[in-house]
Amino acid sequence: MKNIQNKALTKLGAGVGINLTLGVLYIWSIVSKNLVAVQGWTNQEASMPYTIAILGWSLGALIAGSLQDRFGPRRFVLTGVSLVGLGLFASGFSNTPKGMILTFGLLVGLGVGFAYSSVTPAVMKWFHRDSKGLVTGLVVAGFALASAYLAPTAYYLINGLGLSTTFWILGIFSLLSGIPLALIIKNPPKDYIPSSALTLIQKEPAKPKQPWFYKWYEMVRTRQFRVLWLMYAFSASAGLMIISNISSIAAEQAGYKTGFVLVIVLALFNSLGRIISGSLSDRIGRITTLQIAFCIQGVNMVLFVLYQSTSLMLVGAALSGLAYGSLLSVFPTVISDYYGMRDFGINYGILFTSFGLAGFIGPLLAAFIRDYTGNYGFAYIVSAILLAACFFLSKSIVPVTGRLKQ
């Protein structure tokens, strides 16, 4: 029993470690600020590689999610971390918006999608359903926490060595750290029964239950899935908007020039939100936890235009990270609760396509509004309206009843 627990914890640690190498997307506000201030890009041009990366992330998650259930997760995690490393390295040679879209947007985005979507399902299968929320929160927290060390690293490297060298260094680091960890990831044996519960030291194994699951084409026909898809797209857009623009927002609204500190705050609370909400959802329910996140982020968006001091900007970044992080932890567990673990990879991959829409609604809309109005005020209002819509949509959801599959 102890050996099995050690294997499960090893997979959990590897999953967190891999996500710590994938979180380069969350330092884009530092990169985009340099592209606008030093290289003369417009805000829309500087936002487009990040937007394409989010689309690539959702597309990669769909592709890998549909295949890793059949072929196993390791090869897709390896492919993902390799694409991230090579994409970052190639970004060092990209001096134009189109070039950066191909290297950072497409290669890095697809790589993140391949690895991210394959790690979480594999790790979840090693643990009992009673702790799915907590385990998912811990795994995805690594992705958010990455920017806590990548943000200051990128800031000082860009200022000291330039943007190209920064990309080269980050690319090599991603390859050297991500590939060995990817070799650890694999699914448990078919006859594996995870220990019960809210702790990892339960003495008796859980009694097996007959498996039930929905195929992806059955899932998409349910009303619950369509509502979840819209909720994910609308709610994630606010967090992505703040993450991709926090350095510029802080400089304009609060005169705060050291934007990487806010990226660190976002990262810490993003990670904290994933862990807390994952554990909380195991106790009070998934939808209730999401409703709390919608309310926090909605109020935060209404107030964000008033954050015109360093202290208030720190509060806004913290709340945004906390609420956004909750989404990445709770939505996967909703899918596994409603539609089963058998085809979780492809089922969550399909839901995650909504993240691509969020990448357009949030970062790109904010950049467009900023370029044409001179500030981000109207973008906050749009985000608040979308979050209110998410709350009311969530009130209409009822759980999907599992069906026994022979």
Elements of type helices (runs of 4 or more DSSP H) contained in the stretch 66-167, each with 1 or more residues being without any contact (Cβ under 8 Å) to a residue 12 or more places away in the chain: 74-91, 97-100, 132-161
Scanning the stretch 300-313 for residues that are at pLDDT below 95 and surrounded by fewer than 19 Cβ atoms within 10 Å (Cβ to Cβ), the one nearest to Y380 (Cα to Cα) turns out to be V305
Suppose we filter the stretch 103-128 for residues that are over 15 Å from the mean Cα position of the chain (by Cα) and modelled with pLDDT under 90; how many remain? 7
Here are some conditions: (1) touching a Lys or Arg at 6+ places or on another chain (Cβ under 7 Å); (2) surrounded by 24 or more Cβ atoms within 10 Å (Cβ to Cβ). N43 meets all but one. Which one does it not meet? (2)
Only one residue in I335, I287 is in a helix (DSSP H, G or I), β-branched (V, I, T), out of contact with any strand residue (DSSP E or B) (no Cβ under 8 Å at 6 or more places or on another chain) and crowded, with 23+ Cβ neighbours inside 10 Å, so which one is that? I335
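Residue-by-condition table, conditions (1) small (G, A, S); (2) in contact with a Phe, Trp or Tyr (Cβ under 6 Å, 6 or more places away or on another chain); (3) over 14 Å from M219 (Cβ atoms); (4) without any contact (Cβ under 8 Å) to a residue 12 or more places away in the chain:
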{"site": "Q308", "(1), (2), (3), (4)": "no, no, yes, no"}
{"site": "L314", "(1), (2), (3), (4)": "no, no, yes, no"}
{"site": "A317", "(1), (2), (3), (4)": "yes, no, yes, no"}
{"site": "G345", "(1), (2), (3), (4)": "yes, no, no, no"}
{"site": "F352", "(1), (2), (3), (4)": "no, no, no, no"}
{"site": "L365", "(1), (2), (3), (4)": "no, no, yes, no"}
{"site": "I385", "(1), (2), (3), (4)": "no, no, yes, yes"}
{"site": "S396", "(1), (2), (3), (4)": "yes, no, yes, no"}
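The rows are residues; the columns are (1) over 23 Å from A236 (Cβ atoms); (2) surrounded by 24 or more Cβ atoms within 10 Å (Cβ to Cβ).
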| site | (1), (2) |
| --- | --- |
| L55 | no, no |
| L59 | no, no |
| G80 | no, yes |
| G87 | no, yes |
| G99 | yes, no |
| F104 | no, yes |
| Y116 | no, yes |
For the stretch 368-385, which positions are outside any helix (DSSP H, G or I) and surrounded by fewer than 16 Cβ atoms within 10 Å (Cβ to Cβ)? G374, N375
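The values are calculated or read from the model by the stated rules, or taken from the named source; none is laboratory data. This is a predicted model, so every value here is computed, not measured. Glycine gets a Cβ as well: all are built from the backbone with ideal geometry, and neighbour counts include every protein chain shown.
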